[in-house]
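Beneath this line is the structure, given in C-alpha cells, with notes to follow.
The values are calculated or read from the model by the stated rules, or taken from the named source; none is laboratory data. The model shown is predicted, which means the values in this text are computed figures rather than measured ones. Quick reminder, even Gly has a Cβ in these numbers, built from the backbone with ideal geometry, and neighbours come from all protein chains shown. In case anyone asks, the SASA skips ligands and DNA or RNA and just uses the protein heavy atoms, side chains included. Shrake-Rupley method; radii C 1.70, N 1.55, O 1.52, S 1.80 Å.
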Amino acid sequence: MKYRGFTKKELLNVFYMMHLSRKLDEKQLVLLKQGKGFFHIGAAGHEAVQVAAGLNLKSGADYSYPYYREQAYCLTQGLTPKELLLAFLAKSDDPSSGARQMPMHYGHKKYNIVSQSSPTGTQYLQAVGTGFALKRQGYGNVVYVSSGDGTTSQGDFHEALNWASREKAPVIFHIENNHYAISVPISEQVSSGELYSITSGYENLGRYNINGCDFFESHLAFKKAIDRARKGKGPSVIVSDVVRLLPHSSSDDHRKYRQEKHLEIDRKRDPINLFKEICIKNKIVKETDFTKIETQIIKEIEEDSKWAQLQNSPDPDTAKEFLFSDRFISFSKEMNIKNNDQKIVIVDAINHALDEELEYNDKMLIYGQDIADGKGGVFTATKGLSNKYGKERVFNAPLAESSIIGTAIGLAICGYKPVVEIQFGDYIWTAMMQIRNELVTMRYRSNNVWDCPIVIRVPVGGYIHGGLCHSQSIDGYFAHLPGIKIAYPSNASDAKGLLKSACRMQDPVLFLEHKGLYRQGYSSSYEPDENYLLEFGKANIVKEGDLITIVTWGALVEKSIQASNNVEISAEIIDIRTLNPLDMDTILDSIKKTNRVLIVHEDNITNGFGGEIASKIIEDGFEHLDAPIKRVASKDFPVPYASELENEILVQT
C-alpha cells in the first residue's frame, strides 16, 4: 500500500528524519542551558520541506550550500546526530569545522556539503559557480542552496539568479520563508511582501511557490525542479512558506516582537504534527508506529549526547594550523631567457604567463569584465586568449565584482582553477564580503577539508590621471587579511614568474598589477621561459649599497632608484615582490649592513603596509638601527585628477 507514491516504510523514514531534527533541537537547548554549549539555531518548523528537498538529491554526487537553519536537510544527506552534537559541543572531531566555527555552520566533504560561513547570501553565488562546474562535467548533477527570506534583500541573491538563469546552471534556489529576518517581518523586507513575485523576470528560471509545512507538496516541487535541472533546462527557485517555532537563535526572544496569538497560529501549522495527521487519517501509518519511533529517537539522542560530551576538545596547539596549503611547489633556482634579442613589458609578460598556464592546466579558467576578444581586457592583458582557447575557458563576466569572486569560489570547490580579473582595484569593494569572510577563510574554517585556490588579478595604482576611482592603492587593506597571498611585481620578468607560480598554488592569491607600469620601458625585462616559477616571499635586491636600506615595491621601486641616483647616496634598494609572505630575512640582513632604513610605498601612509614592516624591524632588528625608521608614502587624501593635484598627493622623486 502506498500514499501519494510513498510506502509505509518510506513515510516512517520521513517522520524519523523530521522528528530526529526536532528532538536534536530540544536536546541542544538543554545542553546550552547546562552551560555545555554556547549557541543554537533551530530548524523547528522547517523540517518537512528540508527533508523533502534532501530526499530528492543524490548525496555525495550533488552539491549542497545549506544555510544555518538546515539541520533536518543535513540529516537527509548523511550527517549523523553524533556529528551534529560534536559541532554543537565544539569538539575536535566536528566534521564541519573541527570546532573552528559556531554550530549550525554545516560542512561535510563526503556528502559534498560545502563549508558554510556566517554571512547571509554569499552562498548563492558560490552555488552558481559550482553549478557552472557541474554543467561542464556533464553528469547531470545539481547544486542545492538555501536561505531564509531576509537574505533575498541581499544583492548577491539577485546576481546569482541572473547569472544562473543566463547560463542555465543546474542550481536549486530554496527560500525558506518563515516571515521573519530575526525580528524584521517580511512586509518590511520585500516589495509587496511577496517573495515569489520578486523572482520573476529571469529567463530560464523555474519558479515554485509552495506550502513548506506540507511534506508531500514540497517533495513534488523539488522533484520537478531537480528533474528539470538534471535535464539541462536551467535553475529553479522554490519559495516555501514555513513556520519558525523557535526564536531566531538562542540569543533571541521572539516574544519581544511577536504576539502570542501569532505564535499559536504557527504552532497549529507544525509540519511534524500535520504529517502525522495525514498519515493516520489515510490509514497508512498507525499512531503506535509513530510512538515507537519517538521513543527510539529519544534513546538514540541521549546515548549520542553522552558519547559526544566525552569526546576531546580541540588541542590549543592546532589553532594556528591550516591557514595555507602545505603542498610543495618546485620553484625555479635560475631564470632561463626565452629571447635575448628583445625585452617585453609587464602587460605582455602577464599575457604570456596566462597563455602558458592555460596550456599547462586544462582546469584553468579566466574570466572578468571585458576580458574576452576582441577587447582582450581594458589593458589587453588577456588579448588573444579567448580566440585561442575558446569562450568556454576565457569569457566575459557580468559587471558585478561579487559575482566574479563568488562564482570563482564555487568553481574552485569543484577542482577548477579560476584566474579572475577585477578590472580596477577601486571597484573590488563590492566583492569584499566574498573575499574577507568566504575565500580567505575556507581552508581554515573547514579544518583543511575545503580550499579555494583562485587567483585574483587586479590593476591598481595612480600616476595615470585616473582620479579618485581609477588610482587607488589597495595593498594596505588586503595585507590585513589572514589566508591570502599577495604579489606586487615591479617588472616584467617578476610579473611572469610570480603569476605562473600563483596559478600553480593551492591558496588564494591577490595579484596586484600597477597600471602605470604596464608599458613602461624601465619595467621591461627579457622574458623568462615557460618553466620559470618565481618563489613567493623572496625579495630582490635591485641595487646594492651600504649607507641606507630602502624597502619598497610596485611603482615605487623605480622612483626609489631615481631618488637614490639623484642624491648620489649608496642606497641598498629592496623590492619585496610579495607582501604575503614577506621576506623579512633579506630586509634585516640589509639593515645589519646599513643601520638605516627608509620604507617607501604608494598607498596612504596611515595604515599602509610600510607601518607593519617598520613594526617588524623594531621587534626583530632594533639593535641594528643607528637612526629612526622613516616612511615615504602618499598623503592621506583621495588621488585627484589634475596633474598638479595628483603630484601633490602621490609620492614624487
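Descriptive notes on the structure:
- Subset of the stretch 185-224 (residues that are at pLDDT 95 or above and hydrophobic (A, V, I, L, M, F, W, C)): L205, I210, C213, F215, F216, L220, A221, F222
- Scan the stretch 24-48 for residues that are among the polar types (S, T, N, Q) and open to solvent by less than 30 Å² (accessible area, probe 1.4 Å) and the total you get is 1.
- Selection status of G212, open to solvent by less than 60 Å² (accessible area, probe 1.4 Å), among the small types (G, A, S) and on the phi > 0 side of the Ramachandran plot: no
- Checking each residue of the stretch 246-268 against the condition of being closer than 30 Å to N162 by Cβ, assigned to a strand (DSSP E or B) and within 35 Å of the chain's Cα centre (by Cα) gives no match.
- Taking residues in the stretch 489-513 that are on the phi < 0 side of the Ramachandran plot, and partners anywhere that are open to solvent by 10 Å² or more (accessible area, probe 1.4 Å) and of a type in the set (G, A, S), the pairs with Cβ atoms closer than 6 Å and at least 6 places apart or on different chains are N491/S525; A492/S524; A492/S525; S493/S525; Q506/S325; D507/S325.
- The C-beta contact set for the stretch 440-465 (first residue within 15 Å of A408 (Cβ to Cβ) and acidic (D, E), second residue open to solvent by 10 Å² or more (accessible area, probe 1.4 Å) and modelled with pLDDT of 95 or more, distance under 8 angstrom, 6+ apart or interchain) comprises D451/S325; D451/R443; D451/Q506.
- Within this structure, T130 fails the test of being of a type in the set (S, T, N, Q), part of a helix (DSSP H, G or I), surrounded by fewer than 24 Cβ atoms within 10 Å (Cβ to Cβ) and within 19 Å of the chain's Cα centre (by Cα).
- Subset tally (residues that are on the phi > 0 side of the Ramachandran plot and surrounded by fewer than 21 Cβ atoms within 10 Å (Cβ to Cβ)) for the stretch 553-573: 1
- Screening the stretch 276-294 for residues that are touching a residue at least 40 places away in the same chain (Cβ under 8 Å) and closer than 20 Å to C213 by Cα and picking the one that is surrounded by the most Cβ atoms within 10 Å (Cβ to Cβ) gives C279.
- The stretch 382-399, residues that are aliphatic (A, V, I, L, M), out of contact with any Phe, Trp or Tyr (no Cβ under 8 Å at 6 or more places or on another chain) and open to solvent by less than 50 Å² (accessible area, probe 1.4 Å): L385
- Residue-level check: of (1) under 20 Å from Y63 (Cβ atoms); (2) assigned to a strand (DSSP E or B), A221 misses just (2).
- All conditions in (1) under 23 Å from S403 (Cβ atoms); (2) at pLDDT 95 or above; (3) open to solvent by 10 Å² or more (accessible area, probe 1.4 Å) hold for T120, with the sole exception of (2).
- Residue match in the stretch 154-175 (condition: touching a residue at least 60 places away in the same chain (Cβ under 8 Å), outside any strand (DSSP E or B) and within 21 Å of H46 (Cα to Cα)): no
- Of residues in the stretch 362-374 being open to solvent by less than 40 Å² (accessible area, probe 1.4 Å) and touching a residue at least 24 places away in the same chain (Cβ under 8 Å), the one nearest to K391 (Cα to Cα): A372
- Among the residues of the stretch 78-87, those that are surrounded by fewer than 22 Cβ atoms within 10 Å (Cβ to Cβ) and assigned to a loop (DSSP other than H, G, I, E, B) comprise G78, T80.
- Scanning the stretch 432-451 for residues that are within 17 Å of N580 (Cα to Cα) and outside any helix (DSSP H, G or I) yields a count of 2.
- Selection status of D603, surrounded by 14 or more Cβ atoms within 10 Å (Cβ to Cβ), of a type in the set (D, E, K, R) and farther than 18 Å from G554 by Cβ: no
- Residue among S21, S64 that is in a strand (DSSP E or B) and open to solvent by less than 10 Å² (accessible area, probe 1.4 Å): S64
- Any hit, the stretch 135-142, residues being within 21 Å of the chain's Cα centre (by Cα) and buried (at least 23 other Cβ atoms within 10 Å of the Cβ): yes
- In the condition set (1) assigned to a helix (DSSP H, G or I); (2) of a type in the set (D, E, K, R); (3) open to solvent by 10 Å² or more (accessible area, probe 1.4 Å), D636 is compliant with all but (1).
- Condition broken by I474, with the remaining ones in (1) in contact with a His (Cβ under 9 Å, 6 or more places away or on another chain); (2) surrounded by fewer than 22 Cβ atoms within 10 Å (Cβ to Cβ); (3) of a type in the set (V, I, T) satisfied: (1)
- Single unsatisfied condition, E392 versus (1) under 18 Å from the mean Cα position of the chain (by Cα); (2) of a type outside the set (V, I, T); (3) farther than 24 Å from I486 by Cα: (1)
- Answer from A90, A52 - the residue that is open to solvent by 10 Å² or more (accessible area, probe 1.4 Å) and among the aliphatic types (A, V, I, L, M): A90
- Candidates A492, A502, filtered to the one that is closer than 21 Å to L534 by Cβ, of a type in the set (A, V, I, L, M), crowded, with 23+ Cβ neighbours inside 10 Å and within 20 Å of the chain's Cα centre (by Cα): A502
- Scope the stretch 128-161; condition charged (D, E, K, R) and more than 14 Å from T407 (Cβ to Cβ); matching residues: D149
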